[in-house]
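Accompanying notes for the structure given below.
The values are calculated or read from the model by the stated rules, or taken from the named source; none is laboratory data. For clarity, every value in this text was computed on a predicted model and none was experimentally measured. As a convention, Cβ positions derive from the backbone with ideal geometry for all residues, glycine included, and neighbour counts pool all protein chains shown. We work out accessible area using only protein heavy atoms, side chains counted, and drop any ligands, DNA or RNA first. Shrake-Rupley method; radii C 1.70, N 1.55, O 1.52, S 1.80 Å.
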Amino acid sequence: QTGPVIDMPVPASFNDITQDPNLENYIGWVWYEKKVLLPLRWLQDNFSTRVVLRFGSAHYYSIVWVNGVQVMEHEGGHLPFEADISSIVQGSPGVPCRITVALNNTLTPHTLPPGSIQYMDDKARYPKNYFVQNIRFDFFNYAGIHRPVVLYTTPSVYIDDITVTTASSESVAMVQYQVSVVGSTLYSLSLSLRDQEGKVVATGDGAAGELKVLNPNLWWPYLMHENPGYRYSLEVKMEAQVNGALLEDLYTLPVGIRTVHVTSTQFLINGRPFYFHGVNKHEDADIRGKGLDWPLVMKDFNLLRWLGANSFRTSHYPYAEEIMDLCDAYGIVVIDECPGVGIKMVESFGNKSLQHHLDVMEELIRRDKNRPSVVMWSVANEPASELPPAAHYFKTLIAHTKALDPSRPVTFVTDANYALDHGAPYVDVICVNSYFSWYHDSGHLEVIPLQLTTQFESWYKTYQKPIIQSEYGADSVPGLHSDPPLMFSEEYQKALLSEYHSVFDKKRKEYVVGELIWNFADFMTNQGTTRVLGNKKGIFTRQRQPKSAAFVLRERYWKIANESSCLTPIMKSHNLFL
C-alpha cells in the first residue's frame, strides 16, 4: 500500500468523484481491489467448468491479478478484455477471490489516442519533477474502470466466436455463419434462427454454413421503415463429450439482415439511398465522467429519437456494448470509430504506432462485426494526414480493416486540405470536418455558403466519392442571447447551422450523403482560455436540456425523414420494458 485508500465506484471515471484536485488531473498508476466469494458449483467441477473475468473497458493500460497471480495485461481504453482464471480460483473453494487492477492513464506518442509527457525544467517557475500530460484532442482524458466487470462461466469446451454476414433480395435472405469452438476438436454444432415471435425460420449444423430465410424482415434504420431495428435470434448449440460427460454451450446472437453498398454518389442500406441526419456524441456526463450509466444512456436514446436523428458516430472511440445493443434494437445507424484521435506528431505514424492501431482495429471488429447498426468503420479522426508518412499508414490500416471485414466501407474523418490529404485515396466515403465562421473567419456567417460549397465541390471533383459533413457547429452558452447574432449566443449557433443547412440541401441532391452535428451535448475538456467548463458546442447541455439549436435540428431532421420516407410520424404509446 503506497497511498491513501478510498472507495471508488465501478463503472466510473475516478476524476470527478472526490473533492481532491490532485485526483481530478492525476496522471499515473492507480490501483483497484475487490474481494468476491464465488459460487461453490463454479469451483467444484475443475474439468468441465471454466471461470472467466471480463472487463468491459478500463482506461488506459491495465494489469490484472487474481489472488496475487497476474492473469492479463491490456493496452487501450474503450474495448473489452478477459482472462480464464479457473486454475487460480478452483483450487480454493470457500476462500474469497481477490481481484487487483493496476491502471495507468499516461498517453505517449505510440498510444491510441497519442499524447506526450512534458517535463518542465525551469526551476524558477516549476517544482522539481513537475510534468504535464499533453494531448492533441479536445475532450477530457477521463480514466478509471469505465464499464462493467463481470465473472462468468462456460464449459471447458465452449463457443468462442461467431461471425455472421447477410445478403438479401426481396423474397429471400442468406445468413452466412462461422462458429469457432475452443477446448476440443470433437464436438457437434446445431443452429436455429428464430424470428421475433420465436418461430424457427431456418436451421443448420456444423462450424460454417448458410441459412436461407424466405420473405425476410430486413433490419431498417429508424424513420426508414415502420418497424426499424428488426432482429432475428441465432441460437448456436454446441455439444461435446469430455471424460465421458456431455458438455453443452448455448449462445444466442441477435442478427439483423441488411446490406450496405457505396456508389460514387450514394450510401445504400438494403438497396435504398440512406442519408445520415445525426449527431456526434461523447461518453461524458457530470460526476461519472465516461462511466457507463444506464439512466443517462436511455435519456440519450430518447433525445436522439425525439430529435429525429437516425445515426451517430462514436466520436472518438468505441462506445459501450450496452449502447451499441440499443442502436441495433432501435435502428440507429453507427459509424464505429476507433480511438485514433489526436494523431498529429510524426512519431505517431511510425511502425510501433501502426502495429498498435492494427491491433485495436482487430479488437474493435471482433467486438462489433455482427452489429447491423454498424455500417462503416472509422479508423481515425482529424489526423495530420497531410504528412507524407500518412500515405503508407492509412493505406496499410484501411487494407487491414477491409481484410478483417470485407462487408463494410471504411473511412477516416479529415480536416486536412483536399489537395494535401495523403489518406483520402484509400477511404470509401469522404468524411470532412469544418468550422467556417467559428475557428476561421470568426463571426462572419456570410462566408459560409461560398466556403462550404467550395469544400464539397473540391473534394468531389478530386475523388468522386460520396461525402458526409462529419462535424460542423458553434459553441453556445445556454441562456446567452444576442440579436443580431454574436458568437457564443444561442442565436449565433442557430444562424450558423442554418447557413450550413442551406448548402447541405443543395448538395444532398448530388453527392452529400450525411450531416452530423458537433455535438449532441456539451462535454468536458482540458482547461483552456477558449473552454468554459468544457466544450459548449452541444445542442443539449451536459445535463441533457435543449438549447435553441436543438429545436432547429429537430424540425430539419423530421422534415428530411418525411421527405425520404412514406412514414407518417406518429407518437407511439409508451410501453415500458424493464
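Is it fair to say ASP505 is free of Cβ contacts under 8 Å to residues at least 40 places away in the same chain, in a helix (DSSP H, G or I) and surrounded by fewer than 17 Cβ atoms within 10 Å (Cβ to Cβ)? Here the answer is yes, as ASP505 does meet what is asked. Being closer than 25 Å to TYR511 by Cβ and touching a residue at least 60 places away in the same chain (Cβ under 8 Å) is true for just one of PRO478, PRO466, PRO425, PRO449. Which residue is that? Step by step, each of PRO478, PRO466, PRO425, PRO449 is checked, and only PRO466 is closer than 25 Å to TYR511 by Cβ and touching a residue at least 60 places away in the same chain (Cβ under 8 Å). Going through (1) assigned by the TED database to the domain that holds GLN118; (2) open to solvent by less than 70 Å² (accessible area, probe 1.4 Å); (3) over 26 Å from the mean Cα position of the chain (by Cα); (4) farther than 22 Å from PHE55 by Cα one by one, GLY3 falls short only on (1).
Here's the yes/no breakdown for (1) in contact with a Cys (Cβ under 6 Å, 6 or more places away or on another chain); (2) within 17 Å of ILE145 (Cα to Cα); (3) of a type outside the set (S, T, N, Q):
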position	(1), (2), (3)
PRO4	no, no, yes
GLY56	no, yes, yes
GLN70	no, no, no
GLY77	no, yes, yes
SER92	no, no, no
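Taking the criterion of being in a loop (DSSP other than H, G, I, E, B) and closer than 10 Å to ALA474 by Cα, the residues of the stretch 531-545 that qualify are LYS536, LYS537, GLY538, ILE539.
For the stretch 510-521, which positions are touching a Gly at 6+ places or on another chain (Cβ under 7 Å) and open to solvent by 10 Å² or more (accessible area, probe 1.4 Å)? Correct list: TRP518 only.
In the stretch 118-150, the qualifying residues are those that are buried (at least 18 other Cβ atoms within 10 Å of the Cβ) and aliphatic (A, V, I, L, M), and the one that is farthest from ARG288 (Cα to Cα) is ILE135.
Among the residues here, VAL51 does not qualify as open to solvent by 10 Å² or more (accessible area, probe 1.4 Å) and at pLDDT 95 or above. Meeting the requirement of 1 or more residues that are among the acidic types (Asp, Glu), the helices (runs of 4 or more DSSP H) wholly within the stretch 1-120 are 21-24. Scan the stretch 331-345 and tell me whether some residue there is in contact with a helix residue (DSSP H, G or I) (Cβ under 8 Å, 6 or more places away or on another chain), at pLDDT 95 or above, under 24 Å from PHE551 (Cβ atoms) and surrounded by fewer than 18 Cβ atoms within 10 Å (Cβ to Cβ). No - not one qualifying residue is present in the stretch 331-345. Checking each residue of the stretch 88-100 against the condition of being over 30 Å from ASP284 (Cβ atoms), of a type in the set (Lys, Arg), surrounded by fewer than 20 Cβ atoms within 10 Å (Cβ to Cβ) and assigned by the TED database to the domain that holds TYR26 gives at least one match. Being open to solvent by less than 30 Å² (accessible area, probe 1.4 Å), in contact with a helix residue (DSSP H, G or I) (Cβ under 8 Å, 6 or more places away or on another chain) and under 30 Å from LEU354 (Cα atoms) is the requirement here; does GLY76 meet it? When the stated conditions are applied, GLY76 passes them. Number of residues in the stretch 316-373 that are over 21 Å from TYR251 (Cα atoms), of a type in the set (A, V, I, L, M) and outside any loop (DSSP other than H, G, I, E, B) equals 9.
To keep it simple, each residue is scored yes or no on (1) acidic (Asp, Glu); (2) touching a residue at least 40 places away in the same chain (Cβ under 8 Å); (3) touching a strand residue (DSSP E or B) at 6+ places or on another chain (Cβ under 7 Å).
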{"site": "MET238", "(1), (2), (3)": "no, yes, yes"}
{"site": "GLU248", "(1), (2), (3)": "yes, yes, yes"}
{"site": "THR259", "(1), (2), (3)": "no, yes, yes"}
{"site": "THR263", "(1), (2), (3)": "no, yes, no"}
{"site": "ILE269", "(1), (2), (3)": "no, yes, yes"}
{"site": "PHE274", "(1), (2), (3)": "no, yes, yes"}
{"site": "VAL279", "(1), (2), (3)": "no, yes, yes"}
{"site": "GLU283", "(1), (2), (3)": "yes, yes, no"}
{"site": "ARG288", "(1), (2), (3)": "no, yes, no"}
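Contact annotation: residue pairs with Cβ atoms under 7 Å, 6 or more positions apart or on different chains, pairing a residue in the stretch 369-387 that is touching a residue at least 60 places away in the same chain (Cβ under 8 Å) with a partner that is in a loop (DSSP other than H, G, I, E, B) and polar (S, T, N, Q), are ASN381/SER315. Of all residues in the stretch 88-111, which are under 10 Å from ASN67 (Cα atoms) and of a type in the set (Ser, Thr, Tyr)? Correct list: THR100 only.
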